[in-house]
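Asks: Quick one: this structure, given as structure tokens, is what I'll be asking you about.
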Amino acid sequence: MIIDGKKISSLLVEEVKEEISAIKKKTNKSPSLSVILIGDFVPSQIYVQNKKKKSLEVGINSEVIRYSKEISEKEVIKKINELNNKKEVSGILVQLPLPDQINKEKIINAIHPSKDVDGFNPLNVGNLASGYKAIIPCTPLGCLLLIKNIESNLSGKHAVIVGRSNLNGKPMAQLLLKENCTITIAHSKTKALKDICAKADILVVAAGVSNLVKNDWVKKGAIVIDVGINKIKDRLVGDVDFNDVKDKAKAITPVPGGVGPMTIACLLKNTLECFKKQNS
Ligand code: NAD
């Protein structure tokens, strides 16, 4: 089965839209997302434009605050503090990557945990790791929703996650652990990666290496989630060799059209959750 991320994400987007519309009717208030974009890196500009467009479509007010790549860290933190203190701002997102003079850790720490729609602030990371309520990073949350769409009870499954980034691999592992999976986290220094992957009931690949995972890396009947987005000439490919693996897996995400659309849908969901918590 090919997992249709576009379809599943559009259902989630519709749910968010309906809930926002109901809230607006009742209270005349709606969520608001402030995105800070620094520099002129083209993929970041495209991501931010998409986030704004999708936000507006579901009724989230969206502003993009743009800075040139020379802006100082102090100025950005001043702006974040201003947004932290603005009651009408529900969520704050600083588009990564950042220019060299700006320390990513300081920026992530500056965003108030209750407005941290990306779920990167250490308080949210710690809450997720402790099994408490947290804002969950959008891509792993999207992956979990796709997996649960295929199989609702994941208890006892062996999940292998390739990649240990704060953005993808680590939160993915925490989420699947919370679902009572047995977890293996693999990374660039892992030995016998193929053999480890071949034992997975659920295989999530977030390595950023095109077509890394081949047919003989996958157990028959596994659920395969491909987070990778790699450009080969003008084509986007994932970390999994889709054509090689698709008939062996029980379910597999394509690239594009798999995890990608879920990421943005989960950002909308997170913004709504932040708004609800702030206004409860
Ligand atoms: P990253 O570079 O921060 O982390 C990559 C991880 O993969 C590292 O932990 C590294 O140890 C591991 N790795 C690298 N090469 C490996 C190899 N040969 N074997 C095993 N492990 C290896 O990357 P990231 O930010 O986590 O992103 C990973 C991929 O996901 C990228 O292709 C990125 O573009 C994509 N991505 C997609 C979405 C989406 O919405 N679909 C969102 C974010 C990132």
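The values are calculated or read from the model by the stated rules, or taken from the named source; none is laboratory data. The shown structure was predicted, so the numbers you read here are calculated from the model rather than taken from an experiment. Every residue, glycine among them, receives a Cβ derived from its backbone with ideal geometry; neighbour counts consider all protein chains shown. The accessibility values were calculated without ligands, DNA or RNA, using every heavy atom of the protein model including side chains. Shrake-Rupley method; radii C 1.70, N 1.55, O 1.52, S 1.80 Å.
Asks: Looking at segment 111-202 from every direction and averaging, what is the projected area of its Cα convex hull in nm²? Kindly include the intermediate steps, with their values, before the conclusion.
Replies: Numbers: hull surface 24.3 nm².
With every direction weighted equally, the projected area is 6.1 nm².
Asks: Give me the one-decimal nm value for the distance between modelled label points at residue 234 and residue 215, 7 Å along each residue's Cα-to-Cβ direction.
Replies: Once both label points are built, they end up 3.0 nm from each other.
Asks: A follow-up question, please. If each of residue 178 and residue 104 carries a label point 7 Å out from its Cα toward its Cβ, how far apart are those two points in nm?
Replies: Inter-label distance under the simple model: 2.2 nm.
Asks: Using a 7 Å offset from the Cα along the Cα-to-Cβ direction at both residue 199 and residue 148, what is the distance between the two label points in nm, to one decimal?
Replies: Each label point is offset 7 Å from its Cα along the Cβ direction, giving 2.7 nm.
Asks: Report, largest value first, the span of the C-alpha coordinates of segment 44-98 along each principal axis, in whole Å.
Replies: Extents along the principal axes, in whole Å: 33, 28, 13.
Asks: May I pose another question? With r as the distance between the Cβ atoms of residue 67 and residue 4 and R0 = 45 Å, compute the FRET efficiency 1/(1 + (r/R0)^6) and round to 0.05.
Replies: The computed FRET efficiency comes out at 0.75.
Asks: Please determine, in degrees from 0 to 90 and to the nearest 10, the orientation of helix 169-178 with respect to the longest principal axis defined by the Cα atoms of the chain, where the helix direction is its Cα long axis.
Replies: 80
Asks: Now for a different question. What is the calculated FRET efficiency for residue 88 to residue 133, with r their C-beta to C-beta distance and R₀ = 22 Å, to the nearest 0.05? Provide the component values of the computation, followed by the final result.
Replies: Numbers: r = 24 Å, r/R0 = 1.08.
It comes to 0.40.
Asks: Principal axes first, then extents: for the Cα atoms of the chain, list largest minus smallest coordinate on each axis, whole Å, largest first.
Replies: 52, 44, 38
Asks: Over all alpha-carbon pairs in segment 72-124, figure out the percentage whose distance exceeds 14 Å.
Replies: On the way: 646 of 1378 pairs.
Cα-Cα pairs in segment 72-124 separated by more than 14 Å: 47 percent.
Asks: Something else now. I'd like the orientation of helix 5-27 relative to the chain: the angle between its Cα long axis and the longest Cα principal axis, in ° from 0 to 90, rounded to 10.
Replies: Computed tilt is about 30 degrees.
Asks: Cα axis of helix 259-279 to longest principal axis of the chain: angle in degrees, 0 to 90, nearest 10?
Replies: Approximately 40 degrees, to the nearest ten.
Asks: How large a share of the accessible area of the chain, in percent, is made up of carbon and sulfur atoms when the probe is 1.4 Å and the other protein chains stay in place?
Replies: On the way: 7430 of 14180 Å².
Reported share for carbon and sulfur atoms: 52 percent.
Asks: Can I ask one more? What is the Rg over Rh value, at two decimals, for segment 1-57, using alpha-carbon atoms and the Kirkwood definition of Rh?
Replies: Using only Cα positions, Rg/Rh for segment 1-57 is 1.09.
Asks: A further question on this structure: Tell me, what is the per residue accessible area of the chain in Å², probe radius 1.4 Å? Mind dumping the intermediate values first?
Replies: On the way: 14180 Å² over 280 residues.
Spelled out: the 1.4 Å probe surface of the chain, per residue, equals 51 Å².
Asks: Please list 54-67, 198-211, 19-32 highest first by mean number of surrounding beta-carbon atoms within 10 Å per residue. Don't skip to the answer; put the middle values down first.
Replies: Working: 54-67: 17.4, 198-211: 21.4, 19-32: 14.6.
Order by mean packing, descending: 198-211, 54-67, 19-32.
Asks: Quick one: which of 106/269; 51/214; 148/170 span more than 28 angstrom between C-alpha atoms? Working shown, then result.
Replies: Numbers: 106/269 25 Å; 51/214 33 Å; 148/170 18 Å.
Beyond 28 Å between Cα atoms: 51/214.
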